[in-house]
Amino acid sequence: MASIFRLMQRFLKQPPSTPRQFPATGFDVLERDQLIEEETLPHYSPTQFFSVRIGEILNAKYQVVGKLGYGGNSTAWLCRDLSEHKYVAVKVCRRESEQVTREIQAYKHLNTLTSSHSGALLIREMIDSFDISNAQGKYPCIVHKPLSMSLARLRSKCPNRRLPVNVLKPALVHILLALDFLHSEAHIIHTDLQEGNIILGIEDDSILEEYETNELRIPSPRKVDGDRIIYKSRGLEISKDPGRPVITDFGEARIGQQTYDDDIQPFQYRAPEVIMDAPWSYKVDIWNVGVMIWDLFEDKNMFNAKGPDGIPDSLYHMAYMTALLGPPPVDFLEHCRIERRQEYYDSKGEWKGLAEIPRTSLEESEENLDGKDKRQFLEFMRKMLKWRPEERSSAKELLQDTWLRSKTI
């Protein structure tokens, strides 16, 4: 019976969609000497980024509709899957990138898992991968279901650039559910949790249809440089019925191993064990969530990690961390690389004073709440912001927190 059903599916399957014809004129042409989009990246090289063209068909099935954006290791494109008659997002990645290799490995590992955990639905899925080639070599491509806007972009649209509590709480519940799945079942440490890597889903495909219509009516501005075309991005807007937050971007993820000692995390999000060259594990992600909440809810970094010259500096990062959390326990310092420990602390674990410890506190830094709400919120924050990684609550434990579970009026 199953074989008959599969045979009927093949027989009844629609033929591939006819490719669209995108305008060859009617767009703004930008100056060749103007650096735009991925060209502004410090490591940009024309040979490392594939020159995608709107209207072309990738891997004999994905027609490019428009450029969604770019990142350090890829450009992202909305495409029509001509075979399956649906929209997809295709990341066209840099050649020979360790982060791209790591990301594809993480997605392949996730695709091997079968789980009933609700958090598994809150992780971006790789639905296909392939390579495209030119004279310089091969460029890996990753195919995903399209998503709308990141929490960073959503926050930029909120009053005072702060997520309201009634938006923040459900977002955190979804993030923690996803993180619990990653840690407890997938055995993945993300290491790069930030508001730009958490993106809202799409429940209504009409915004994708509208996107394509806009590209056909008003083609994206572009720069033509020889045989290369670089387009200005056209981002997706949030729909009236946005989907749930999804964790994306696994280019820095680690799989399986219990502890690591290499450098990770965006500078301002680094956990103390990372700064101090101590072994680290899953709890770096918990630290990330805590620091990210400050961005989302307070519109500022929790720690001022810059020196007087405005350049990020671990010395001032540690000084600010000490101001908000108190001095680190001696046993924590004993697990740190001795050269790093001696740089900041004396033999008794006392701060050497190479930078002044600011006079501030979490209570003073938090500006949105008061009374009981503020007290419970800061108790929630302190469960994530512990010097000792083993004392930080797990994602599962945080989901039971009093403040997070309380109703917002």
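The values are calculated or read from the model by the stated rules, or taken from the named source; none is laboratory data. This structure is a prediction, so every number in the text was calculated from the model and none was measured. Because the Cβ atoms are built from the backbone with ideal geometry, glycine has one as well, and the counts that use them run over all protein chains shown.
Does PRO140 satisfy the criteria of being of a type outside the set (Lys, Arg), outside any helix (DSSP H, G or I), closer than 24 Å to ASP204 by Cβ and modelled with pLDDT of 95 or more? Talk me through it step by step, then tell me what you get.
Details: of a type outside the set (Lys, Arg): yes; outside any helix (DSSP H, G or I): yes; closer than 24 Å to ASP204 by Cβ: no; modelled with pLDDT of 95 or more: yes.
Judged against the criteria, PRO140 is not a match.
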Unmet criterion (only one of (1) within 16 Å of the chain's Cα centre (by Cα); (2) surrounded by fewer than 19 Cβ atoms within 10 Å (Cβ to Cβ); (3) more than 23 Å from MET149 (Cα to Cα); (4) not small (Gly, Ala, Ser)) for ARG244 = (3)
Given the conditions (1) part of a loop (DSSP other than H, G, I, E, B); (2) at pLDDT 95 or above; (3) surrounded by 15 or more Cβ atoms within 10 Å (Cβ to Cβ); (4) of a type in the set (S, T, N, Q), and given that GLN400 satisfies all but one, which numbered condition is not satisfied?
-> (3)
What tally of residues in region 333-346 results from selecting those that are in contact (Cβ under 8 Å) with a residue 12 or more places away in the chain and not in a helix (DSSP H, G or I)?
-> 4
Taking SER115 and the conditions (1) in contact (Cβ under 8 Å) with a residue 40 or more places away in the chain; (2) in a helix (DSSP H, G or I); (3) within 19 Å of GLY256 (Cα to Cα), which numbered condition does it fall short on, given that it satisfies the others?
-> (2)
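Of the residues ASP225, ASP204, ASP180, which single one is within 30 Å of THR47 (Cβ to Cβ) and acidic (Asp, Glu)?
Unique residue meeting the criteria: ASP225.
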Tell me which residues, restricted to region 17-68, are crowded, with 16+ Cβ neighbours inside 10 Å, in contact with a Pro (Cβ under 7 Å, 6 or more places away or on another chain) and more than 26 Å from ILE238 (Cβ to Cβ).
-> LEU30
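Residues checked against (1) of a type outside the set (Val, Ile, Thr); (2) part of a loop (DSSP other than H, G, I, E, B); (3) free of Cβ contacts under 8 Å to residues at least 24 places away in the same chain:
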| residue | (1), (2), (3) |
| --- | --- |
| LEU324 | yes, no, no |
| ASP331 | yes, no, no |
| ALA355 | yes, yes, no |
| THR360 | no, yes, no |
| PHE377 | yes, no, no |
Hey, does region 136-145 have a residue that's of a type in the set (Gly, Ala, Ser) and free of Cβ contacts under 8 Å to residues at least 12 places away in the same chain?
-> no
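Could you please let me know if ILE238 is assigned to a strand (DSSP E or B), in contact (Cβ under 8 Å) with a residue 60 or more places away in the chain, out of contact with any Pro (no Cβ under 8 Å at 6 or more places or on another chain) and not polar (S, T, N, Q)?
Values: assigned to a strand (DSSP E or B): no; in contact (Cβ under 8 Å) with a residue 60 or more places away in the chain: yes; out of contact with any Pro (no Cβ under 8 Å at 6 or more places or on another chain): yes; not polar (S, T, N, Q): yes.
Spelling it out, it is not the case that ILE238 is assigned to a strand (DSSP E or B), in contact (Cβ under 8 Å) with a residue 60 or more places away in the chain, out of contact with any Pro (no Cβ under 8 Å at 6 or more places or on another chain) and not polar (S, T, N, Q).
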Any chance ALA319 is more than 18 Å from GLU195 (Cα to Cα), aliphatic (A, V, I, L, M) and part of a loop (DSSP other than H, G, I, E, B) = no
A careful count of residues in region 333-368 that are surrounded by 12 or more Cβ atoms within 10 Å (Cβ to Cβ) and either under 14 Å from TYR320 (Cα atoms) or β-branched (Val, Ile, Thr) (or both) gives 9
